[in-house]
Amino acid sequence: MKIDYSNRIFGLDVMRTAAILFVVCSHTLWVFPEAQGSAVSLLRLCGVMGVEIFFVLSGFLIGRILFRIFTSEDFKLADLKYFLVRRWFRTLPNYYLVLLINIGLWIYFGRNLPETLPLYFGFLQNFNFGMDIFFTESWSLPIEEFAYILGPLLFYLVLLPKWKVSKKKLFLWVTVAILLFFLLTKWVYNYQTGPKSLEYWNIHLKAVLLYRIDAIYYGVLAAYIAMTRPEGWKKFTSPAFLGGILLFVGVHMLIGAYDMSPETHPFFINVLYLPLCSISIALSLPVLSRLKRAPKLMLKPITFISIVSYSMYLLHYSIILFLLNYYVDTSEMSLVLKWSFAIGYVLFTMFLSYLLYRFYEKPMMDIRDRDYFRKKLGQKKL
C-alpha cells in the first residue's frame, strides 16, 4: 500500500492511531476476565477516551473543510452537497458492509435479530435511547453522521438572510449554539433521570445521539480558532497542551478523590464530565495539528494504523472478538499464552482491516473524486 506522506499531518495520525489502539486494546480485557486493579481501570478509561478522541478529531477535520466552504466568496449549495457526498463515500460503504456481515453472523449462529434492526440502516439505532447489544460499536456512527448533516445545514440556513455580519462570526455563532444545545440536552437528561448506575449512564447517555453531537463540535470550534487566529494557535501550543493534560488529569483525580459516579454526583457526571473530556482533548490539537514530520521508524506504522483505523473500529468487536469468543476458550490458558493471544488478536484485527481498506474502503473512496460525480455536483475536474 503506497502512502503519500506529504499530504498527511503526522500529529493527527498520532491522535487517530492512539484512539483506535485505545479502543481495541481495551477490549483485550476479555482474555483476562479475572484482572483487577488500577491498570485495568486505566485501560477501560482509555477505551472510552479512544472514541472521544475520534469525535474531537473528526470535528476538527470537517470543521476546517466547512469553514473554507462557507466563508468563501463563491460559496454555493453544490459545495455543501459535494462535502456530504465525500463524507458518505468515506463512511457509509464500510458501515453497511459490516452491518450486513453482522446480520449474517447472527442468523448463522441462531441468534434473534433485534426488533430495532431497521433503525440501523438509517443511523437511528441510538437516536434518543440506548442501543441493543447487536453491532455494539456502531453507537458512535450515528453521532458522526448526524453531525455531518446538522452543522452544514445550520450554516447554510443562517446564510440565507442577508446579515450584516461576517460569515466567520456566523460560523462561530452556529458552532457555539450547537455546543450549548447539546449541553442543554444533557441537563434535561440529568433533570429527568437523576442518579443512575454507571452501566445505565454508559448505555443511555454516553452512547445516545441526542446527548453527544457536541463532542464533535468541540473539534469544530478548535478548527474555527485555528483558521481565524493562526498566530494565537501557534503561540499557545504548549500552554494549551499542558492545560489539556492538567484538565484531563484534574477531572479524573477529582472523580477518584470524591468517588464520583452517576449515582453520587449525577450533575457533574451527566452534564459536565464528557464536555470537559472533549475540551481537554481539543486542547492537544494546537500541538498535534502542527506536528507534520517524524522519523520513518515512527511515521510508517503510525500512519498505517491511522489509515486503517476506521476498518479496525468496525471489525474488531462485533465480528472478530465475537468469533474468537465463540470458538476459543481462553480460561485454561497460561498467562503467557493469554498475553500472546491478546497481542495476536490486535495484530489479526490490523491485518483484516488492511484487507478491508485495500480492497473495499479505498476503492469506494476513490469513486468520489471521479469526474462524473464532480461534474454532477458542480465541481471542477481534477
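No value in this document is a laboratory result; all are computed from the given coordinates. This one's a predicted model, so the numbers in the text were calculated from it and none came from an experiment. Ideal geometry is used to build each Cβ from the backbone, glycine not excepted, and the neighbour counts take in all protein chains shown.
Cross-link partners of residue 292 among aspartates and glutamates, defined as those whose alpha carbon lies under 12 angstrom from its own and excluding same-chain residues fewer than eight positions apart: 13. Evaluating 6.51 cos²θ - 1.76 cosθ + 1.60 at θ = phi - 60° for every residue in region 277-292, the Karplus couplings come out as 5, 4, 5, 4, 5, 4, 5, 7, 5, x, 6, 6, 6, 9, 8, 10 Hz, glycine and proline recorded as x. Can you give me the C-alpha center-to-center distance between region 312-365 and region 217-288, rounded to a whole angstrom? With region 312-365 and region 217-288 each reduced to a Cα centre, they are spaced 32 Å.
Of all the options 131, 365, 333, the one that moves most in a Gaussian network model of the chain with Cα springs shorter than 10 angstrom is 333.
Each Lys or Arg adds one and each Asp or Glu subtracts one; over the other residues with Cβ under 14 Å from the Cβ of residue 179, this totals +1. Using θ = phi - 60° in the Karplus curve 6.51 cos²θ - 1.76 cosθ + 1.60, the 3J(HN,Hα) couplings for region 171-179 round to 4, 5, 4, 5, 4, 5, 4, 5, 4 Hz; x is entered for Gly and Pro. Annotation for region 91-135 versus region 47-80: alpha-carbon center distance of 27 Å. Rounded, prolate or oblate, given the Cα gyration tensor of region 251-323, with a/c below 1.5 counting as rounded? The shape class here is oblate. Here the chain is treated with +1 on each Lys and Arg Cβ and -1 on each Asp and Glu Cβ, and its dipole about the Cα centre works out to around 2160 debye. With a cut-off of 12 Å between beta carbons, the residues surrounding residue 206 carry a summed charge of +1, where Lys and Arg count +1 and Asp and Glu -1.
The slack between residue 65 and residue 92, meaning 0.36 nm per residue of separation minus the straight C-alpha distance, is 7.8 nm.
Over 20 Å between Cα atoms: which of 2/300; 186/206; 162/376; 235/300; 162/375 fall into that group? Over 20 Å Cα-Cα: 162/376; 235/300; 162/375. Only lysines eight or more places from residue 168 in sequence, or on another chain, were considered; those with a Cα closer than 17 Å are 76.
Counting alpha carbon pairs within less than 8 Å and at least 6 residues apart, what relative contact order, in whole percent, applies to the chain?
Working: 413 pairs, mean separation 115.2, N = 382.
In percent, rounded to a whole number, it is 30.
The phi-based Karplus calculation (6.51 cos²θ - 1.76 cosθ + 1.60; θ = phi - 60°) puts the 3J(HN,Hα) values of region 255-266 at 4, x, 5, 9, 6, 6, 7, x, 7, 9, 9, x Hz, whole numbers, x for Gly and Pro.
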